[in-house]
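Have a look at the structure below, then the notes.
All of the numbers you see were taken from the coordinates with simple rules; none came from a lab. Bear in mind the structure is a predicted one, so any value in this text is a computation, not a measurement. Heads up, the Cβs are rebuilt from the backbone with ideal geometry, glycines too, and the neighbour counts pull from every protein chain shown.
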Amino acid sequence: MNIHKNARLTPLRREEMALAVAEGQVSKAQAARLYGVSPKIVSRWLERFRAQGRAGMADRSSRPKISPRQTGQSLAERILALRRQRLTGKHIAMETGVSPATVSRVLRRAGLSRMKDIDPAEPIVRYEYAEPGGLIHLDIKRLGRFHRVGHRITGDRTGQSNSRGVGWEYVHICIDDASRIAVTDIFPDETAASAIAFLKAAVAYYQSLGITVTRVMTDNGSCYKAKDFATACRALGLKHIRTKPYTPKTNGKAERFIQTALREWAYACAYPSSEHRKAYLPNWTHMYNWHRPHGSLKSKTPISRLGLNRDNLLRLHN
């Protein structure tokens, strides 16, 4: 129950007041002066206390018990049936002979005010390639550069506007669909040239782990739609898959990895400058791949998905 901020009486005080009057300790007039309310209020809570005891001290809904002028059940059901045929409110009003406001009230009570409320929720489609390298996800995250501790730590934005020439840097990320092994690097831009250079480095890294990459998924950014990027994919023997426009969940593993990177690396501590933050990225990525338990892998590390023996682990770990 939400008590009004200016309420003079809480349920406990109401009970205290009613009990004092009922036991004859004070009169109604005296109780009104003592508790700062009118005698009428004292009488109300006294009657409720005598009838219901402590349970009667709680607030009641102001909604009327009956609404004689409320839209009839049969008419309301017809309005909802027409709505499920995707008719607009005004069209429904014309068909049923009631006002648009009445239609709006009926739809609001039923939770069908918006057209998107009519459609059933899309089922969550989760997928995972059986073998590492079957699909890698690429994405880019822009971060502001800085020369001192940022406003997220200090709360001071003075001199930190990127319009003053501090500029941006772009974190290119890649994550393997099956193993969740990640590759990261920072480039000064998000051009096709940078995206291609990162793709080649990522494929080479996976090859060093014995993983052969066959497909790559990206969003519809200009660098990924460039002809040069398509040429690079063909040269590497990769099938390029682009996500459905305006549907970032299609590339959800990359999106989720970016959230993790921001939380555990980019904003995890007060870096003196963006150069210090950049220098720590390889260490954090190594920790993510080799030492950090992953929730979707039953709390195992991404590298464990490769099934490497101890000799291979010692040779690859650095």
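What the table shows:
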{"item": "Likely footprinting exposure, Ile124, Ile258, Ile92, fewest C-beta neighbours within 10 Å first", "result": "Ile124, Ile258, Ile92"}
{"item": "Ordering of 192-200, 290-298 by packing [mean C-beta count within 10 Å, highest first]", "result": "192-200, 290-298"}
{"item": "Inter-label distance for Glu275 and Arg215, nm, one decimal - labels placed 7 Å from Cα along Cα-to-Cβ", "result": "4.3"}
{"item": "Efficiency of FRET between Ala230 and Lys298 - r from beta-carbon atoms, R0 41 angstrom, step 0.05", "result": "0.65"}
{"item": "Point-charge dipole on Cβ atoms (K/R +1, D/E -1) for region 25-127, about Cα centre, debye to 20", "result": "400"}
{"item": "Structure-based [θ]222 nm, the chain - -39500 (n - 2.57) summed over DSSP H runs of at least 4, per residue, nearest 500", "result": "-12500 deg cm²/dmol"}
{"item": "Magnitude of the charge dipole, region 11-57, Cβ model with Lys/Arg +1 and Asp/Glu -1, debye to 20", "result": "160"}
{"item": "Local net charge near Lys28, Cβ-Cβ under 15 Å (Lys/Arg +1, Asp/Glu -1)", "result": "+3"}
{"item": "³J(HN,Hα), Karplus 6.51/-1.76/1.60, whole Hz, each residue of region 193-199, x for Gly, Pro", "result": "4, 5, 4, 5, 4, 5, 4"}
{"item": "Other-chain or far-sequence residues with amide H under 5 Å of His294's (modelled H)", "result": "Ser299, Lys300, Thr301"}
{"item": "Cβ-based exposure ranking for Ser274, Ser74, in which fewest neighbours within 10 Å come first", "result": "Ser74, Ser274"}
{"item": "Globularity index of region 170-253, i.e. its alpha-carbon radius of gyration over 2.2 N^0.38 Å", "result": "1.03"}
{"item": "Under 5 Å, built H, 5+ apart or other chain: amide partners of Met217", "result": "Ile136, His137, Leu138, Ile241"}
{"item": "Charge tally in the Cβ shell below 11 Å around Pro39, where Lys, Arg are +1 and Asp, Glu are -1, Pro39 excluded", "result": "+4"}
{"item": "Cα pair count fraction exceeding 17 Å, expressed as % - region 11-57", "result": "16"}
{"item": "FRET efficiency, Val26 to Ala101 (Cβ-Cβ, R0 41 Å, nearest 0.05)", "result": "0.25"}
{"item": "Debye, to nearest 20: dipole size of the chain, +1 on Lys, Arg Cβ, -1 on Asp, Glu Cβ", "result": "1520"}
{"item": "Antiparallel %, DSSP beta bridges [both residues in the chain], to 5", "result": "75"}
{"item": "Pair Lys90, Asp117: separation of 7 Å Cα→Cβ label points (nm)", "result": "2.0"}
{"item": "Pairwise FRET efficiency - Thr247 versus Ser61, Cβ, R0 = 51 Å, nearest 0.05", "result": "0.75"}
{"item": "Residue order, fewest to most surrounding Cβ atoms within 10 angstrom, among Val166, Val42, Val37", "result": "Val166, Val37, Val42"}
{"item": "Part-to-part distance (alpha-carbon centres) for region 100-144 and region 172-247, which is given in Å", "result": "26"}
{"item": "Per-peptide average of other Cβ atoms within 10 Å, ordering 247-253, 201-207 highest first", "result": "201-207, 247-253"}
{"item": "Share antiparallel - DSSP beta bridges, region 165-318, percent rounded to 5", "result": "65"}
{"item": "27 Å Cα-Cα threshold exceeded, pairs from Lys65/Lys116; Lys116/Lys141; Lys200/Lys225; Lys141/Lys227; Lys225/Lys300", "result": "Lys65/Lys116; Lys116/Lys141; Lys225/Lys300"}
{"item": "Length-normalised contact order for region 11-57 - Cα pairs under 8 Å, 6+ apart - percent", "result": "42"}
{"item": "Amide proton proximity set for Asp185, modelled H, under 5 Å, gap of 5+", "result": "His172"}
